[in-house]
Amino acid sequence: MPELPEVETMRRGILSVVGRQIVAVTCPQSTLQSIEITPSLARLRKQVCGQTIRDVSRRGKRVLVHLEDGAVIVMEPRMAGLILLDNPPTEKHLRLCFHLEDRSVAEETAHFLFWDKRGLGKVHWLDSSQIEPRLGRERLGPDALEVTARILKERLGGSRRPIKVALLDQKGVAGIGNLYASEILHWAGIDPRLACTALTLRQWERVSCWTRRVLEQAIEHEGSTLADGTYRNALSNPGGYQNHHRVYDRGGEVCLQCRAGTIKRIVQAQRSTYYCPVCQCRRGVHPAVIV
DNA sequence: CATATGTCCTGAGAGC
DNA sequence: TGCTCTCAGGACATAT
């Protein structure tokens, strides 16, 4: 579930590791299958031990830990991964521990952790020459916090796919996932089934505007912790944006915007989409552009 | 080329 | 109670 707001919250949560040196990487005992580490755990260890962390950045839904030699550790939480300073929800799902040099200051963390309940997450070590080909514009679109109407129309406007499905494609725009795609389109008042080719510039303006607003608001609330309780910030505290959801997982409930419509759940590209048929469906739209 | 579908993985919850 | 089944959706591989 972690999307841009959750991943950004994790990034901010571990910023205190900047300036610290990694001294060891351990793979805590687990009865579960190991997550994918590339090129390998041995190589990761060899390359990062002794390196000082220069920065922690984010690209879409990935966190990049920048090392002094120009390489990066890329952490992908995917569905159920967390990047933590402490207090993992379970010991069982601890996948990687990056140990930091001991400064003998009790308040300072001695490590940061990669925890993953389902094992779908990934950790990569990339040298400086691999960063652009793996994470550059050819592979991932511009960050969703930086989109404009012009960028959206340029990158998605030619697609015949429904707008909701196109927003999930990380090659178009990076950072939007299933939850926020529904939320953004609800605020923008746009039918999730509408083909990208049918959107007007005015509608792209609404999408870009609400993309930034919804994601920024969600970051302010430190992301969304759903009913399963999996998502946590770096200190293992839940987020708060779930209390502000307008449509996601609210199928059958009354629309909080118009108080008239009932939130509908449909499936698009094997994923749930939630929307309000009153707020988000314009009369007079030709049926052919609803895909 | 664009778009669609299958796959990985575990835990939660439903139904019997 | 404990079993089996289905579902959740990130990103990418493979198919159309």
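The amide H of A:R95, built 1.01 Å from its N in the peptide plane, has A:F114, A:W115, A:D116 as neighbours under 5 Å, considering only residues 5 or more places off or on other chains.
Axis of helix A:201-220 versus longest Cα principal axis of chain A: the two differ by about 40°, to the nearest ten degrees.
Taking square-rooted eigenvalues a ≥ b ≥ c of the alpha carbon gyration tensor, is region A:175-291 rounded, prolate or oblate, where a/c under 1.5 means rounded and, failing that, a/b exceeding b/c means prolate?
Prolate.
Our analysis of region A:138-180 gives Rg over Rh at 0.91, with the two radii drawn from alpha carbon positions and Rh computed by the Kirkwood formula. What percent of all Cα-Cα pairs in chain A falls in each 10 Å bin, counting up from 0? In order of increasing distance, the bins hold 6, 27, 31, 21, 11, 3, 0 percent.
Here is the size of region A:1-93 from its Cα atoms: Rg then Dmax, 13.2, 34 Å. Note on A:T38 and A:E220: their simple-model spin labels are 3.8 nm apart, each label 7 Å out from Cα toward Cβ.
Label sites at A:D228 and A:R265, each approximated as a point 7 angstrom past Cα along Cα to Cβ, lie 1.4 nm apart. Charge dipole (Cα centre; +1 on Lys/Arg Cβ, -1 on Asp/Glu Cβ; no other charges) of region A:152-291 amounts to roughly 580 debye.
Dividing the mean sequence gap of close Cα pairs (under 8 Å, 6+ apart) by how many residues chain A holds gives a relative contact order of 19 percent.
The slack in the chain from A:E146 to A:R118, taken as 0.36 nm per residue of separation less the alpha-carbon distance, amounts to 7.0 nm. Overall shape of region A:137-240 was characterised from the C-alpha gyration tensor. The equivalent ellipsoid obtained from it has semi-axes of 25, 14, 12 Å, in decreasing order.
Is region A:45-172 best put as rounded, prolate or oblate by its Cα gyration tensor, with a ≥ b ≥ c the root eigenvalues, rounded for a/c under 1.5, and otherwise prolate when a/b is larger than b/c, oblate when not?
prolate
Across region A:141-152, coupling constants 3J(HN,Hα) worked out from phi with the 6.51/-1.76/1.60 Karplus curve, θ = phi - 60°, read x, x, 4, 4, 6, 10, 6, 10, 4, 5, 4, 4 Hz, and Gly and Pro carry x. Springs between alpha-carbon pairs under 10 angstrom, Gaussian network model over chain A: which of A:P88, A:P277, A:P133 fluctuates most? For chain A, modelled as a Gaussian network with Cα springs under 10 Å, the answer is A:P133. Measuring nothing but how far apart in sequence close Cα pairs (under 8 Å, 6+ apart) lie, relative to its length, region A:1-69 scores a relative contact order of 42 percent. Geometric descriptor of region A:81-133, per residue, is 105 Å³ (volume of the convex hull of the Cα atoms).
Where a number appears in this text, it was derived from the coordinates with a stated rule and is not lab data. From a predicted model like this one, the values you see are computed outputs, not experimental measurements. No Cβ is skipped: glycine too gets one built from the backbone with ideal geometry, and neighbour counts run over all protein chains shown.
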